[in-house]
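Step one of this worksheet: look at the structure below.
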Amino acid sequence: MNDARRLLEEYVRNGQLMQVATLSPSGGPNVCNVWYSCGFGPDTLNFISKEQRQHCENIRRDGRVAGSIVAIDLTGLGQVTRGVTFVGTARELPTIGTEDRVRAFLTRWPAASSAIDPGLLARGEAHSRLYEIAVREWVLFDEANFPQDPRQVVPADGGVE
């Protein structure tokens, strides 16, 4: 694994809040902030959200998304920047048959158990749904480790050998 890929995975695993841009009905951008979990090989990002939120409606209509994860604590202008951006395709996951992904999310964010409990999902009683982003391309931006060329395009791992 090259250094850029290793750093990207570290930053994504350790990040907390992800910004996701979806396409509104008029074709313009709509940006939201969500808590997420991740997986690699294939590269996926999962988040929960209430299904009536604008970004969820946008995803059901057009799954093209982009987003970012900041990998530093913000203290002020002029900091050395580290973060990740991505493009991919998002979809709302079924309410049954995805218990492993729900458990992975709840392992990371146990406070979400009342919103995304597998039993509530299966019975249609959950107010939130689980969404998956299949990442198509990553860009690592890391001024600390790549000061001469901080923008590093990192191919996504689609999980296919």
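Tabulated values for the structure
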item: Acute angle (nearest 10 degrees) that the helix 99-108 long axis makes with the longest principal axis of the chain, alpha-carbon atoms; result: 50 degrees
item: For the chain, alpha-carbon Rg relative to the globular expectation (2.2 N^0.38 Å, N residues); result: 1.07
item: Between helix 3-14 and the chain: long-axis angle, C-alpha atoms, 0 to 90°, nearest 10; result: 40 degrees
item: Normalised contact order of segment 3-148, rounded percent, pairs of Cα under 8 Å and 6 or more residues apart; result: 27 percent
item: Residues 135, 34, 80, sorted so that the one with the fewest Cβ neighbours within 10 Å comes first; result: 80, 34, 135
item: Estimated FRET transfer efficiency when R0 is 41 angstrom, pair residue 75-residue 114 (beta carbons, to 0.05); result: 0.75
item: Ranked list, fewest to most other Cβ atoms within 10 Å of each Cβ, for 114, 24; result: 114, 24
item: Surrounding net charge for residue 58, when Lys and Arg each add one and Asp and Glu each subtract one, Cβ distance under 14 Å; result: +3
item: Magnitude of the charge dipole, segment 74-161, Cβ model with Lys/Arg +1 and Asp/Glu -1, debye to 20; result: 220 debye
item: Nonlocal amide H pairs with residue 127, under 5 Å, H built at 1.01 Å; result: none
item: Spacing of the two label points (7 Å from each Cα toward its C-beta) at residue 60 and residue 40, in nm; result: 3.4 nm
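Laboratory data are not the source of any read-out in this text; all were calculated from the coordinates shown. From a predicted model like this one, the values you see are computed outputs, not experimental measurements. Please note: Cβ atoms are built from the backbone with ideal geometry, for glycine as well, and neighbour counts cover all protein chains shown.
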